[in-house]
Amino acid sequence: MRLPRPCTLRQLRWFLPLIFIALLPGQPPKRQPFGNPRVTQYAPRRRYHVVAYRIRLRLHERRRAIAGAVTITLRPLAGNFHRFALDSAGLTIESVRLLSPAGPQNLRFGLTGPANPAAGAPARQAPTRGAGRRAAGTDIGNTAQSKLWVTLPRAFRRGESLRVRIAYHATPQRGLTFLAPSARSPHRPVQVWSYGWPENNHYWFPCWDYPNDKAASETIITVPAGQSVVSNGKLLRVTRGAGLATYDWSEPVPHSSYLISIAAGQWTELRQHLGRLPVDAYVPYGVSLARARRSFGLTPDMIGFYSRVFGLDYPYAKYAQVAAHDFPGGLENISATTLTDLTLHSAAGEPDESSIGLVAHELAHQWFGDLVTERSWANAWLSEGFATFGAALYAGHHGGPHAYRYQIWLDQHAARAEDRRYRRPIVDRHYTHPWGILDRTTYEKGAAVLDMLRMTLDGGREPALASPREPLFRAFSAYLQRYRARNADTHDLINALRRSTGRNPRRFFDQWVYGAGYPAYRARASYDAQRKIETVEIAQTQKTAWRTARVFALPIELAFAGAAGQRQTAIVQDRRRHQTFTFPLAFAPRWVDFDPHDYILKSVDFPQSPRQWLAAANQDPVMMARLQAARQLGRARHCGCGVVKGLEKVLTGDAFYGVRVEAARSLGRLRRPAAMRALLQALQAHPAQAGHAAVRLSSRVRAAAVAALGNYSLRPPAFAQLARSLHADPSPAVASAAARALGRPGSPASYPPLAARWRSAHSYRLEAALIQALAATRDPRAPALLQQISQQATSRMLRQMAKRRAASAAK
């Protein structure tokens, strides 16, 4: 899942630019505690197991209402079972019947909770425990939820099957969204889609709405003729008549209730296959197949890649993806992912607006999150961290090893940025709401920790490309096989790793998963030319507050580079607070790399001179070492030794775009006239002249160079270039970077080009950047334009953004 709060982190993160606080100078804010230390969240104790849900509904789109019934097959987990509760909110219950060979029998039922209107039997109150706190011994499900209590005619034995049919109708307030055209949004399509995470599906059908139970499901949905319904599993039949169409979908693989989904509307279908497996994508009617293929065309390749690396073939009868209007991000419903239609993009948006990350993340959930599901939200990293890691793996498969390492580096930066605000373990039970656990620690730090686990299991180095023969992926396969269609917790993963590799990873998990933070290294290197000995001192200086380990025990790679091209590497086992290592070395090192591939989530204090960083940035054979050197040069206090020229050479000549991006950022951070001229020269070189920078600068690098020019935006040459990039560059990413660079207070000349560009903006990304930039100018004309945008923008999220920005700009 990627990721609403209710939608903010999730809805934009894969296809809008990553902006990391870690890249900005300044003092970090004071670290705050996470969640509520007085609240401890555990999975609710179950008294029954749901075997299957059979949901039959009629969607009344004009009234935004539903009517129908759900038949639930369940089995008691203990004897003397005569009464049970289901999560149910906002549903008007018409009847509850026990289905048996002797015929249906009406049952007594009652409702608890303020959100439940009742019809029929009087409510029978049940004891509840404090809302917001889930105790280990509770047996009524999520105590914060509203409940439907059902009284059975007799006590049922343990394991004895029973079927209950609940008829109801509702106007759902959550969990199910109805869209239709309006005066403000005349082009909005007619669609209905569900959003079950974390516990929202009980707003449209009664269920056990917590992930620690798994059931098969069948959804039978009736819609007006001309519409179609996408749901979970295999399409059994479509019945048409009387101006209606009924779609019957069945998913036999047991799954948690939040993964049940429907998406109804008029769709254009992109049909693909992987062997005999249908791989379909549904986009709003009128969207071209070429546009759909641009976002979803790689899905069959992703499925094949994950099946090989995870050691388990895709486990469902089909895979469908639905691009729904106003949907917040992506949600990994079992075999039927729903994503925002904002991921559909033009050819000009490639590669900056690529859907690869979002699609790969949600697809990885079909194994991690859907097939094997965390038993409690405290272990959400078993879904989200694994899916983020899976997306990075596919980035490496599709774009090469450098793309994988660069994505992990971005994940590390995101995790460190959040760590400055608050620090917590990856597995943490002190959240106040499940949304709180969906943060950078769960997603990006979870991915970075899995990458480090991969490295440690491989002896300190990783293969260039992911292979199912690696120890980590053999353990993944064993974990998936053992807990297939079941729930698991982190200790189950530890046991799978122990059984698969023969090694005990408990200390690693205690430090990185059950503990918080990361190591802060201080390293110093010196060379004894007489003895030809290199000495490296390594200390870990992190504070041990916030459940941070005193020592993180990890292998660390060191690399020594000589002036004549010599190179020697070593892997040391760092297991103490302070350690000294010596190495016989036949040459004096020109520079030293500390963890050159950036395997370790860390901070490093390892001073080297600008000459050393320049040499590493231009000559190091390891991509991540060049990137880190280019980054360090942006912190140079003096621009002697050819720092600007060296960064300019990296900007226009490095083989990997991520290193060039970092060189552009460093030129921006230097805030020197020479650095500004280097950025301008790179952007202004004539494209028709082969060999000039503009020929080699991809849109991602141009966007970084334009963003770096924002530090010089008050200077006329930089301002003129930013205005040109805003209006003339064909890439929405570059134009968006120019808009944000121009949108700074104290620049009255910025408003006219920003306002003019709004009239011709046709990219969500650019429109969002323009809204932010217009508000940031503090120009007195901005609030009126933003208010106009809040009424006319085609996207609900843009309208909401403009409304908020208009209010803040008017203050």
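Please go through region 203-231 and give me each residue that is within 14 Å of residue 57 (Cβ to Cβ) and open to solvent by less than 10 Å² (accessible area, probe 1.4 Å), ordered by number. Give the derivation first.
So the first thing to find is which residues in region 203-231 are within 14 Å of residue 57 (Cβ to Cβ), and the list is 203-207, 217-224, 227, 229, 231.
204, 205, 206, 207, 217, 219, 220, 221, 223, 229, 231, listed by residue number.
Checking each residue in region 322-381 for being touching a helix residue (DSSP H, G or I) at 6+ places or on another chain (Cβ under 8 Å) and hydroxyl-bearing (Ser, Thr, Tyr) picks out 337, 340, 343, 346, 355, 373. With respect to (1) crowded, with 23+ Cβ neighbours inside 10 Å; (2) modelled with pLDDT of 95 or more; (3) under 28 Å from the mean Cα position of the chain (by Cα), the lone exception for residue 647 is condition (3). Per the listing 155, 131, 136, 144, the residue uniquely open to solvent by 30 Å² or more (accessible area, probe 1.4 Å), at pLDDT below 95 and in contact with a Phe, Trp or Tyr (Cβ under 7 Å, 6 or more places away or on another chain) is 136.
One line per residue, one yes/no per condition, for (1) under 21 Å from the mean Cα position of the chain (by Cα); (2) open to solvent by 20 Å² or more (accessible area, probe 1.4 Å):
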{"position": "265", "(1), (2)": "no, no"}
{"position": "272", "(1), (2)": "no, yes"}
{"position": "285", "(1), (2)": "no, yes"}
{"position": "290", "(1), (2)": "no, yes"}
{"position": "297", "(1), (2)": "yes, yes"}
{"position": "305", "(1), (2)": "yes, no"}
{"position": "321", "(1), (2)": "yes, no"}
{"position": "328", "(1), (2)": "yes, no"}
{"position": "342", "(1), (2)": "yes, yes"}
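Being open to solvent by 10 Å² or more (accessible area, probe 1.4 Å) and touching a helix residue (DSSP H, G or I) at 6+ places or on another chain (Cβ under 8 Å) is the requirement here; does residue 529 meet it? No; evaluated as a whole, the condition is false for this residue.
Looking only at region 394-436, residues that are part of a strand (DSSP E or B) and without any contact (Cβ under 8 Å) to a residue 40 or more places away in the chain come to 0 in all.
The single condition from (1) small (Gly, Ala, Ser); (2) under 30 Å from residue 441 (Cβ atoms); (3) open to solvent by 20 Å² or more (accessible area, probe 1.4 Å) that residue 565 fails is (2). Among the residues of region 437-473, those identified as out of contact with any strand residue (DSSP E or B) (no Cβ under 8 Å at 6 or more places or on another chain), open to solvent by 20 Å² or more (accessible area, probe 1.4 Å) and in contact (Cβ under 8 Å) with a residue 12 or more places away in the chain are 440, 457, 458, 462, 464, 465, 466, 467, 468, 471.
Mind listing whichever residues of region 344-382 are within 17 Å of the chain's Cα centre (by Cα) and assigned to a strand (DSSP E or B)? Write out each step before concluding.
Within region 344-382, the subset within 17 Å of the chain's Cα centre (by Cα) is 352-370, 373-374, 377-382.
Matches in region 344-382: 368, 373, 374.
Against the condition open to solvent by 20 Å² or more (accessible area, probe 1.4 Å) and under 20 Å from residue 451 (Cα atoms), how does residue 575 come out, does it pass?
Numbers: open to solvent by 20 Å² or more (accessible area, probe 1.4 Å): yes; under 20 Å from residue 451 (Cα atoms): yes.
Yes, satisfied.
Scanning region 695-738 for residues that are open to solvent by 50 Å² or more (accessible area, probe 1.4 Å) and outside any helix (DSSP H, G or I) yields 714, 715, 730.
Could you say whether any residue in region 740-752 is within 27 Å of the chain's Cα centre (by Cα) and over 22 Å from residue 344 (Cα atoms)? Steps first, please.
Of all residues in region 740-752, those within 27 Å of the chain's Cα centre (by Cα) come to 740-741.
The next check asks that each one be over 22 Å from residue 344 (Cα atoms); those that pass are 740-741.
Yes, the conditions are met somewhere in region 740-752.
The values are calculated or read from the model by the stated rules, or taken from the named source; none is laboratory data. Predicted, not measured: the structure shown is a model, and the values here were computed from it. Every residue, glycine among them, receives a Cβ derived from its backbone with ideal geometry; neighbour counts consider all protein chains shown. What goes into the accessible areas is simple: the full protein's heavy atoms, side chains included, and nothing from ligands, DNA or RNA. Shrake-Rupley method; radii C 1.70, N 1.55, O 1.52, S 1.80 Å.
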